[in-house]
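Trainee: This is the structure I want to talk about, given as structure tokens.
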Amino acid sequence: MTKTSNRAFVLDTNAAIALLEEDPKIEDFLVKADPVYISSIALGELYFGAEKSARVKANLERVDLFASRRRVLACDLQPPGNMDVSLRIYVPKAAPFRKTINGSP
């Protein structure tokens with residue numbers, strides 16, 4: 001398909017997961033979107049999910065590749081080039097707290 005418009009789109013976490021899973025509905029929708037952004041918060045949620053998955057290394061690599069192909073919208077004071085690094089540091093530190101809050105070991 002060719003792009004028919006120049007409308008920007010910001011992926012939320014659910015849309016990003018659907019895109020990672022190659023859902024044809026989201027892929028068809030995004031053909032008309034340009035540029036496609038993802039917020040650093042949604043990207044952090046993807047990293048969080050990868051960290052608590054059964055295939056941590058493989059899923060972190062998938063998220064890294066996904067992020068490298070998107071424009072990431074910053075939401076904190078990190079310099080633009082360091083957003084990915086700040087999220088990669090945050091997520092492993094946050095994961096144990098979430099397990100404790102949810103009552104999981």
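The values are calculated or read from the model by the stated rules, or taken from the named source; none is laboratory data. Note that the structure is predicted; figures quoted are calculated from it, not measured. Cβ placement follows ideal geometry from the backbone for every residue including glycine, while neighbour counts extend to all protein chains displayed.
Trainee: Working carefully through the options 8, 15, find the one that is within 21 Å of residue 61 (Cβ to Cβ) and either of a type in the set (A, V, I, L, M, F, W, C) or in a helix (DSSP H, G or I) (or both). Steps first, answer last, please.
Mentor: On the way: 8 fails: within 21 Å of residue 61 (Cβ to Cβ).
One residue alone meets the criteria, 15.
Trainee: Can you name the residue in the stretch 11-58 that is over 12 Å from the mean Cα position of the chain (by Cα) and of a type in the set (Gly, Ala, Ser) and is also farthest from residue 73 (Cα to Cα) among such residues?
Mentor: The qualifying residue farthest from residue 73 (Cα to Cα) is 54.
Trainee: Starting from the stretch 10-31, take each residue that is surrounded by 12 or more Cβ atoms within 10 Å (Cβ to Cβ) and list its partners that are assigned to a helix (DSSP H, G or I) and among the aromatic types (Phe, Trp, Tyr), counting only C-beta distances under 7 angstrom and pairs at least six apart or across chains.
Mentor: 20/66
Trainee: A follow-up question, please. Given the conditions (1) at pLDDT 85 or above; (2) touching a Pro at 6+ places or on another chain (Cβ under 9 Å), which single one is not true for residue 8?
Mentor: Result: residue 8 passes all but (1).
Trainee: Now a separate question. Among the residues of the stretch 17-41, what is the count of those that are modelled with pLDDT of 90 or more and touching an Asp or Glu at 6+ places or on another chain (Cβ under 8 Å)?
Mentor: Number satisfying all stated conditions: 1.
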